[in-house]
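Peer 1: Got a structure for you, written out below as structure tokens; questions coming shortly.
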Amino acid sequence: MNAKIPNIVIFASGSGSNAENIINWSKERNCYRVTAVFCNRKDAFVHTRAERLGVPHFTFSPAGFRDNSIIYNGVQRTLTDVLSELETDYIILAGFLLKVPGYLLESYPERILNIHPALLPSYGGKGMYGEYVHKAVIAAGEKESGITIHLVDNQYDHGRILYQAKCPVSPEDTPETLFEKVHQLERAYPEVIEKYIRG
Ligand code: GAR
């Protein structure tokens with residue numbers, strides 16, 4: 001008998017390139033199923049990507065996310081009930097900028113993964129996201145940067161590290177060129193998720 005394919009839900013806040021990579025990978029490999037994308041911004045491009053890829057996508061407010069009380073299909077629900085209804089096994093943060101509240105960490109222990117665009121523990125923490133990370137790395141004159149994929153705990157960018165990959169930083173790099181290098185490394189995320197889920 002075949003084992004059940006794990007269900008994952010993606011949380012994102014922005015463009016959604018990582019979400020798109022994960023959805024495409026899941027379809028090619030049939031290793032996990034992306035049942036929904038949740039985003040805290042109605043106008044984020046991740047909605048367009050999810051729509052194109054045929055994955056249901058929803059918006060919750062930051063306060064609703066914090067308080068476990070969201071509007072889902074026009075009805076007020078707890079996020080945890082909605083995630084249970086979707087038979088969620090793992091939550092994948094893909095460019096998601098809100099702090100994960102305790103109630104979710106308790107519901108999904110060691111089952112929430114995040115990707116960060118730097119070599120943690122450096123250049124992590126509140127306010128360290130996207131271009132701010134790359135600006136800080138360049139301003140500090142670092143010779144290398146990279147990505148970190150880690151479990152989520154109750155501190156920003158802090159939980160157990162599952163995977164890191166590096167790229168060189170040269171004196172000519174700008175936040176934009178460094179973003180591109182890091183972006184290439186981020187293509188590893190779907191496979192790292194697959195390996196973690198497989199155990
Ligand atoms: C990615 O570079 C991701 O590593 C970063 O946001 C970007 C989202 O891009 N995440 C963080 O900074 C989290 N602290 P995307 O929306 O195109 O996937």
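Peer 1: Rounding to the nearest 10 and keeping the result within 0 to 90°, find how far the Cα-based axis of helix 189-198 lies from the longest principal axis of the chain.
Peer 2: Compared with the principal axis, the helix lies near 50 degrees.
Peer 1: Sticking with this structure for a sec: About the Cα centre, and with charges only on the beta carbon of Lys, Arg (+1) and Asp, Glu (-1), how big is the dipole of segment 5-94? Nearest 20 debye, please.
Peer 2: That gives a dipole near 200 debye.
Peer 1: Still on this structure, I have one more. In debye to the nearest 20, how big a dipole does the chain give about its Cα centre with +1 on each Lys and Arg Cβ and -1 on each Asp and Glu Cβ?
Peer 2: Taking the Cα centre of the chain as origin, the dipole is about 240 debye.
Peer 1: For the Cα atoms of the chain, what angle does the longest principal axis make with the long axis of helix 130-139, in degrees from 0 to 90, nearest 10?
Peer 2: 20 degrees
Peer 1: In addition: Per the 1.4 Å probe, what fraction of the accessible area of the chain, in percent, lies on carbon and sulfur atoms?
Peer 2: That share works out to 51 percent.
Peer 1: Report, in deg cm²/dmol and to the nearest 500, the calculated mean residue ellipticity at 222 nm for the chain, where each DSSP H run with n ≥ 4 adds -39500 (n - 2.57) and the sum is divided by the residue count.
Peer 2: Mean residue ellipticity at 222 nm (helix-derived): -10000 deg cm²/dmol.
Peer 1: Oh, and also: Which far-off residues, 5 or more places away or on another chain, put their amide H under 5 Å from the one on Phe58, with H placed in the peptide plane?
Peer 2: Placed amide hydrogens put Val37, Phe38, Cys39 under 5 Å from Phe58.
Peer 1: Can you give the net charge of the other residues whose Cβ lies under 14 Å from the Cβ of Glu87, counting K and R as +1 and D and E as -1?
Peer 2: 0
Peer 1: Also: Taking the Cα atoms of segment 47-94 alone, what are Rg (to one decimal) and Dmax (as a whole number) in Å?
Peer 2: 11.4, 30
Peer 1: Over the chain, give the accessible area per residue in Å² for a 1.4 Å probe, as an integer.
Peer 2: 51 Å²
Peer 1: For Ala165, what residues show an amide H to amide H distance below 5 Å, using hydrogens built from the backbone and excluding near sequence neighbours?
Peer 2: For Ala165, the qualifying residues are Ile147.
Peer 1: Determine, for each peptide in 149-162, 31-44, the mean count of other beta carbons within 10 angstrom over its residues, then list the peptides with the highest first.
Peer 2: Highest to lowest by the protection proxy: 31-44, 149-162.
Peer 1: Does the chain classify as rounded, prolate or oblate by the C-alpha gyration tensor (a ≥ b ≥ c root eigenvalues; a/c under 1.5 gives rounded; else a/b over b/c gives prolate, otherwise oblate)?
Peer 2: prolate
Peer 1: How big is the dipole moment of segment 103-160 about its Cα centre under a simple scheme where the beta carbon of each Lys and Arg is +1, that of each Asp and Glu is -1, and everything else is neutral? Debye, nearest 20, please.
Peer 2: Rounded to the nearest 20 debye, it is 80 debye.
Peer 1: How large is log10 I(q)/I(0) at q = 0.12, 0.18 Å⁻¹ when the Debye formula is applied to the Cα atoms of segment 105-199, each weighted equally and without solvent?
Peer 2: The Cα Debye sum returns log10 ratios of -0.37, -0.78.
Peer 1: Residue-wise, which Karplus ³J(HN,Hα) couplings in Hz belong to segment 146-159, taking 6.51 cos²θ - 1.76 cosθ + 1.60, θ = phi - 60°, and x for glycine or proline?
Peer 2: x, 10, 10, 10, 8, 6, 9, 10, 7, 10, 4, 6, 10, x
Peer 1: If a/c stays under 1.5 just call it rounded; otherwise compare a/b with b/c (prolate if a/b is bigger, oblate if not). Do that for segment 1-118, with a ≥ b ≥ c from the square roots of the Cα gyration tensor eigenvalues.
Peer 2: Cα axes put segment 1-118 in the rounded bin.
Peer 1: Starting at the first residue of segment 20-32, write each ³J(HN,Hα) from the Karplus equation 6.51 cos²θ - 1.76 cosθ + 1.60 with θ = phi - 60°, in whole Hz, x for Gly and Pro.
Peer 2: 4, 4, 5, 5, 4, 4, 4, 6, 5, 9, 6, 9, 8
The values are calculated or read from the model by the stated rules, or taken from the named source; none is laboratory data. No experiment lies behind these values; they were computed from the predicted model shown. As a convention, Cβ positions derive from the backbone with ideal geometry for all residues, glycine included, and neighbour counts pool all protein chains shown. Surface accessibility is based on the protein's heavy atoms, side chains included, excluding ligands, DNA and RNA. Shrake-Rupley method; radii C 1.70, N 1.55, O 1.52, S 1.80 Å.
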